[in-house]
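**Student:** The structure follows.
The values are calculated or read from the model by the stated rules, or taken from the named source; none is laboratory data. Only a predicted model underlies this, so the values are computations on that prediction, with no experimental measurement involved. Heads up, the Cβs are rebuilt from the backbone with ideal geometry, glycines too, and the neighbour counts pull from every protein chain shown.
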Amino acid sequence: MRGLLIAVVSALMLTANAFAEPAATLGSADEAKAMLKRAIAAVRADKNQAIGMFNRGEGGFLEGDLYPFCIQVSDGLIVAQGGPLTDEFVGRSIRPLTDAVGKAYGEEIFAAAQGPEGEVTEVRYSFPRPSDKSLPVPKISFIQPVGDLACGVGYYQ
């Protein structure tokens, strides 16, 4: 009986941990905004170093499912894409990108990049989580122009 009780308690603890772990990796809107502030400050301090850190996920720029991305304001070329999709996106234009339901979120991000420096714009679209690239989920990205770049950080709903 004691062995059965230990087995049941162990199974419950493993189940609870399995459900708790993914939630710990989900960033909130406030955390995304805070990372965007840090990213903008890093770009202002040293743009090239910041882009490198974003692409490598260093310096606190990859926290759970939060990561920064940056595009050139002039043409929409993606110069930084944190997370596991760096190689897939860096060097491409953001403008033609659409989500799983056909929403042209790339054009919306490019339009947000044309705003005044310091202005933050929300762009809503569907995008795969870094942990599961097969299933797009609703995402909100905060986009802010900074010099000749616009950077963003998004969180998944």
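**Student:** For Ala104, indicate whether it is buried (at least 19 other Cβ atoms within 10 Å of the Cβ) and either closer than 20 Å to Tyr155 by Cα or of a type in the set (S, T, N, Q) (or both).
**Tutor:** no
**Student:** Select from region 95-119 the residues that are without any contact (Cβ under 8 Å) to a residue 12 or more places away in the chain and in a helix (DSSP H, G or I) and list them in ascending order.
**Tutor:** Ala111 - this is the single residue of region 95-119 that is without any contact (Cβ under 8 Å) to a residue 12 or more places away in the chain and in a helix (DSSP H, G or I).
**Student:** Under the condition of being of a type in the set (A, V, I, L, M, F, W, C) and more than 14 Å from the chain's Cα centre (by Cα), which residue from region 113-149 is nearest to Phe54 (Cα to Cα)?
**Tutor:** My answer is Leu149.
**Student:** Return yes when Gly52 is on the phi > 0 side of the Ramachandran plot and without any contact (Cβ under 8 Å) to a residue 40 or more places away in the chain and no when it is not.
**Tutor:** No: the conditions fail for Gly52.
**Student:** Among residues belonging to region 101-133 that are of a type in the set (Asp, Glu) and closer than 19 Å to Val79 by Cβ, point out the one that is modelled with the lowest pLDDT.
**Tutor:** Among those residues, the one meeting the criterion is Glu117.
**Student:** Considering only residues that are crowded, with 16+ Cβ neighbours inside 10 Å and touching a residue at least 24 places away in the same chain (Cβ under 8 Å), look in region 34-45 and name the one that is farthest from the chain's Cα centre (by Cα).
**Tutor:** The qualifying residue farthest from the chain's Cα centre (by Cα) is Val43.
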